[in-house]
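The structure appears below as structure tokens.
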Amino acid sequence: MDPIESPPDALKCSVDIKLRGSPAMPRFFSVVLATLLALTGAGAFAQSLIVDTAGVEQAQQRGAVIWDARGAKDYVAGHIEGAVNLGFAGDLFRDPVREDPPPPAVAAKLFGDAGIDILHREIVVYGGKGDAMAYFAARMVEYYGGKHAKVYHGGIDDWKAAGKPMSTQPTKLAPVALALDSERAGTLWTDQVIERARRGGAQLLDVRTTKEFTGDDIRAVRGGHIPGAISIPYEDNWRDPATPGKLASRQVTNKDGMALKSTDELRALYAKLDPNKETVVYCQSGVRASETAVVLRELGFRDVKVYEPSWLGYAGVLSAPVDNEVFVNVGALTGQVSALQGRVNALEAELAKLRQGQAPR
């Protein structure tokens, strides 16, 4: 899926010729038209939220902030030259229990200390290829009042493959003072989604795995899905959704299959959805939903919202209606945890014996 293209050079040439061939036209009109044409090209590019390698380079030339959303260890091992890093975005912008974003004051300090002015600077975020966390990080910019950051879908993998400049030296930007008095932009919360579910007719998109959707894989107090939701796992945006599994089993050696499908293929994937209707996207905690939400916006969907607490929040309200409802078997879960703890204790005891045997006499 390519970013929106600027007007073709042929059009620029045609206008240029006409301007030069019209001596009666005042010079300032020529300047105005040329400026508008240039702005149209820049604006068309800026509309795209997903960029490729060339798009990152162009953003760098414009002075954009390049944000590496990976963990510090991965960042130090090698990153896009000039990119900044705050640490793993999933740790910084999600509560460890609820997995909700922090208050604006906390976010202001995180961004400000790193020199990322989300209110006035263009920002491009990347992680690994196809990494939903990069999309989540980019969405946090909008969440706190800025313009949704762009996402380099190919990430560090495509950058390396293209032989582009890498660095192991951290980039430090001058801190900025940020006053963030806005939050929750582009999102819905549990009471709003419950109201839509009960009313019926809402366009809800569940991007979790099929087993999570059917209640066979329970990751909250309840399994199942919101009534009326359509299931399209976020991995279906990729050319080969099975790539992570193939990497784990060494059937493939790279992440090429995690590139986005073509625009036509993506339109076919979401053909059952109405792009003119509010579309609510959810997953387990808002991360995977962030990727699909951007894809939908790129396809021209006019009103896309991420249900921020997602299934964790919805399943926890026991009065909220659920299809394929399955509750966690707490007794069985406790038994499994106890069994695992027993195995851990046994292994620790064996390690202790080995250490004693190796101790100097």
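The values are calculated or read from the model by the stated rules, or taken from the named source; none is laboratory data. Predicted model only: the values in this text are computed from it and were never measured. Here Cβ is always computed from backbone atoms with ideal geometry, including for glycine, and neighbour counts include all displayed protein chains. Areas reflect the complete protein model, heavy atoms only, side chains present, ligands, DNA and RNA absent. Shrake-Rupley method; radii C 1.70, N 1.55, O 1.52, S 1.80 Å.
Points to keep in mind about this one:
- Some residue of region 190-202 being under 30 Å from Asp157 (Cβ atoms), open to solvent by 40 Å² or more (accessible area, probe 1.4 Å) and outside any loop (DSSP other than H, G, I, E, B): no
- If you filter region 288-319 down to residues that are acidic (Asp, Glu) and open to solvent by 20 Å² or more (accessible area, probe 1.4 Å), you find that the one that is nearest to Asp100 (Cα to Cα) is Asp303.
- You will find that of Ala174, Ala185, the residue that is open to solvent by 50 Å² or more (accessible area, probe 1.4 Å), part of a loop (DSSP other than H, G, I, E, B) and not hydroxyl-bearing (Ser, Thr, Tyr) is Ala174 and no other.
- Residue check for Gly163: farther than 30 Å from Ala220 by Cα, open to solvent by less than 30 Å² (accessible area, probe 1.4 Å) and part of a loop (DSSP other than H, G, I, E, B): no
- Scanning region 230-256 for residues that are part of a loop (DSSP other than H, G, I, E, B), in contact (Cβ under 8 Å) with a residue 40 or more places away in the chain and either open to solvent by 50 Å² or more (accessible area, probe 1.4 Å) or among the small types (Gly, Ala, Ser) (or both) yields Asn254, Lys255.
- Residue within region 272-287 that is surrounded by fewer than 20 Cβ atoms within 10 Å (Cβ to Cβ) and free of Cβ contacts under 8 Å to residues at least 24 places away in the same chain present: no
- Apart from one condition, Arg98 fits all of (1) touching a helix residue (DSSP H, G or I) at 6+ places or on another chain (Cβ under 9 Å); (2) open to solvent by 20 Å² or more (accessible area, probe 1.4 Å); (3) modelled with pLDDT of 95 or more; the exception is (3).
- Among residues that are open to solvent by less than 20 Å² (accessible area, probe 1.4 Å) and either touching an Asp or Glu at 6+ places or on another chain (Cβ under 9 Å) or charged (D, E, K, R) (or both), Ala259 is included.
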